[in-house]
Structure formats: structure tokens, C-alpha cells
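A.B. asks: Got a structure for you, written out below as C-alpha cells; questions coming shortly.
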Amino acid sequence: MPLDHGYGVLLGRVQDYYRDPPDNFGRYYHGNLILNTTMGSYRCAIDVDSHQSNVGVEWRTFGLRTSDLSSVVNLSLGYHPLASISTSGALDYIRSGMFAVRVGCLRAFLRFIGLDSSIRGTWKRGTSVQALMDLEPLVNTTRAAGLLALVYGEPFTDGLGMHNIHQNQGDPAGSQWWAENGIWQDGCTILQQDADNFTAFMNKFTTQSYTTDSQGHPA
């Protein structure tokens with residue numbers, strides 16, 4: 001099943017950034033990226049923790065070139081809906097070619113040296129603070145240079161904003177998010193670092209699978 005209220009990409013310039021107030025244990029649930037667009041200012045709530053104490057967060061940063069984003073990078077500033085198919089510009093952490101090629105090379109290398117070739121090895125696992133420490137320098141570079149930010153996810157139903165900015169597939173059977181599993185609908189924050197280089201901040205919950213079937217359910 002797809003996300004309840006659609007899926008798309010938001011293009012804008014970084015206007016502001018702040019963390020959620022910490023909870024009683026010093027955890028931050030979101031880094032909030034404010035993007036200026038021709039449609040107004042959007043708040044993008046990037047997930048770096050879960051309200052369920054037994055669910056952690058994983059993340060990775062990933063270098064991209066402008067050519068990797070050719071289907072969306074020249075769109076006007078603002079929100080653009082994307083069909084959940086491989087040719088629309090939608091993202092899929094598991095299936096997108098711009099991610100899979102590099103992951104494939106890593107798997108081949110790990111297999112060659114006799115180590116576990118699981119995709120798990122390409123993700124960091126830690127605290128919300130550690131995740132934000134990888135995200136925030138990227139935000140600062142983009143903001144200082146007035147460069148482009150692209151945020152993938154689900155639009156707010158009330159006001160201008162984006163959420164579900166994380167992997168949106170692989171949630172286990174029995175979880176409240178099982179019904180929203182789907183392919184080609186992953187959230188992501190992609191920040192331009194210079195004229196031809198972008199960095200993707202990819203994030204997922206520890207309960208989400210690294211491999212999924214054609215419906216986005218754990219394989």
C-alpha cells in the first residue's frame with residue numbers, strides 16, 4: 001500500500017534549521033529543515049529517532065552527482081508529486097540504480113575479502129545526536145552557499161511541510177506501519193554541496209528490513 005497522502009519531492013533553499021526539543025532522555029525525534037520555495041516556507045521533519053523505546057535509527061550519507069538527479073534537479077522550487085515507479089524520479093533505497101551500483105560494489109568487495117556482504121554493513125546505527133551530527137554539517141554547507149536542497153517524503157495535510165522522510169518500506173508484519181509499506185516511495189534529504197556534488201542523508205528504523213518484496217514488505 002502507498003503512503004496515505006501521496007509522495008513527492010520538495011526543492012528549495014535552506015532558510016532555517018533546528019532540532020526538536022529533547023525528551024527526558026536527551027533524544028531528538030527530528031531535525032527540522034525549513035526550505036524557502038515559490039510556494040512558501042516548508043518544514044521538513046527528518047526522523048532521527050523513534051517514540052518507541054525499543055526501536056533505534058540507522059543512517060548513511062551517500063555522494064551523488066547532478067547527473068544522478070537529472071529527472072528532478074531542474075524542477076521549479078516547490079513540491080512535486082511523484083508516481084511510485086522507477087521512471088518518475090522517485091527514490092527506493094533498495095532498488096534505485098544510483099544507490100544500488102555503489103552498494104553492489106561494496107558487496108562484491110566484502111565477498112572478495114570473505115566478510116559478510118549484507119547491506120547492513122553500509123549503515124550506521126547509533127543515537128539521534130550522532131545521526132544529527134552527520135546531517136547538520138551538510139545542512140550548514142548548503143545554507144551558507146545558497147545551494148539546492150531536495151527532500152523526498154509525504155506532504156503534510158495541514159500546512160506546508162513534509163514528513164515520513166525516511167525509508168518507507170520493510171516495516172514488519174504486525175507493526176502500525178505495515179499498511180504503508182511500498183516500493184519507490186522512500187523519504188530522503190539530499191543537499192547540494194558544490195556545483196556538481198550532492199550528499200544524500202538516508203535514514204531508516206532498525207525494525208525495517210534491508211530487503212523487501214514487490215509490495216515493500218520484508219522479504
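A.B. asks: Would you check which residues across segment 165-186 are crowded, with 21+ Cβ neighbours inside 10 Å, of a type in the set (S, T, N, Q) and out of contact with any His (no Cβ under 9 Å at 6 or more places or on another chain) and list them?
C.D. replies: Correct list: Gln167, Asn168, Gln185.
A.B. asks: Given the criterion at pLDDT 95 or above and out of contact with any strand residue (DSSP E or B) (no Cβ under 6 Å at 6 or more places or on another chain), identify the matching residue among Gly174, Gly182. First the steps, then the outcome.
C.D. replies: Numbers: Gly174 fails: at pLDDT 95 or above.
The conditions single out Gly182.
A.B. asks: OK, next. When you go through Leu10, Leu75 one by one, which is the residue that is on the phi < 0 side of the Ramachandran plot and not in a strand (DSSP E or B)? Please lay out each step first, then the result.
C.D. replies: Details: Leu10 fails: not in a strand (DSSP E or B).
Just one listed residue meets the conditions, Leu75.
A.B. asks: Which residues, counting only those in segment 32-49, are farther than 19 Å from Leu147 by Cα and out of contact with any Ser or Thr (no Cβ under 7 Å at 6 or more places or on another chain)?
C.D. replies: If the condition is that a residue be farther than 19 Å from Leu147 by Cα and out of contact with any Ser or Thr (no Cβ under 7 Å at 6 or more places or on another chain), then Ala45, Asp47 are the ones that fit.
A.B. asks: Gly6 - would you say it is in contact with a Pro (Cβ under 6 Å, 6 or more places away or on another chain) and touching a residue at least 24 places away in the same chain (Cβ under 8 Å)?
C.D. replies: Details: in contact with a Pro (Cβ under 6 Å, 6 or more places away or on another chain): yes; touching a residue at least 24 places away in the same chain (Cβ under 8 Å): yes.
Yes: the conditions hold for Gly6.
A.B. asks: Taking segment 200-215 as the region of interest, how many residues are of a type outside the set (Gly, Ala, Ser), surrounded by 15 or more Cβ atoms within 10 Å (Cβ to Cβ) and outside any strand (DSSP E or B)?
C.D. replies: Taking segment 200-215 first, the residues of a type outside the set (Gly, Ala, Ser) are 201-208, 210-213, 215.
Subsequent filtering for residues that are surrounded by 15 or more Cβ atoms within 10 Å (Cβ to Cβ) retains 201-205, 207-208, 210, 212.
Next, from what is left, pick out any that are outside any strand (DSSP E or B): 207-208, 210.
The total comes to 3.
A.B. asks: Has segment 42-60 got at least one residue that is in contact (Cβ under 8 Å) with a residue 24 or more places away in the chain, acidic (Asp, Glu) and within 26 Å of Leu160 (Cβ to Cβ)?
C.D. replies: To start, the set of residues in segment 42-60 that are in contact (Cβ under 8 Å) with a residue 24 or more places away in the chain comprises 42-50, 55-60.
If we keep only those that are acidic (Asp, Glu) as well, we get 47, 49, 58.
Pick out the ones that are also within 26 Å of Leu160 (Cβ to Cβ) and you get 47, 49.
Yes, segment 42-60 contains a residue that is in contact (Cβ under 8 Å) with a residue 24 or more places away in the chain, acidic (Asp, Glu) and within 26 Å of Leu160 (Cβ to Cβ).
A.B. asks: Let me ask another. Considering only residues that are part of a strand (DSSP E or B) and of a type in the set (D, E, K, R), look in segment 121-161 and name the one that is surrounded by the most Cβ atoms within 10 Å (Cβ to Cβ).
C.D. replies: Taking segment 121-161 as the starting set, the residues that turn out to be part of a strand (DSSP E or B) are 124-126, 148-155, 161.
Of the ones still in play, those that are also of a type in the set (D, E, K, R) are 124-125, 154.
Details: Lys124: 13, Arg125: 13, Glu154: 21.
Taking the candidates together, the pick is Glu154.
A.B. asks: Quick one: how many residues across segment 184-199 are outside any loop (DSSP other than H, G, I, E, B) and under 18 Å from Leu33 (Cα atoms)? Don't jump to the end; show me each part of the working.
C.D. replies: So the first thing to find is which residues in segment 184-199 are outside any loop (DSSP other than H, G, I, E, B), and the list is 188-194, 197-199.
Right, trim to under 18 Å from Leu33 (Cα atoms) and you get 188-193, 198-199.
Of the residues in segment 184-199, 8 are outside any loop (DSSP other than H, G, I, E, B) and under 18 Å from Leu33 (Cα atoms).
The values are calculated or read from the model by the stated rules, or taken from the named source; none is laboratory data. Note that the coordinates shown come from a computational prediction; the quantities given were computed from them, not determined experimentally. Note that each Cβ is placed from the backbone with ideal geometry, even for glycine, and that neighbours are counted across all protein chains shown.
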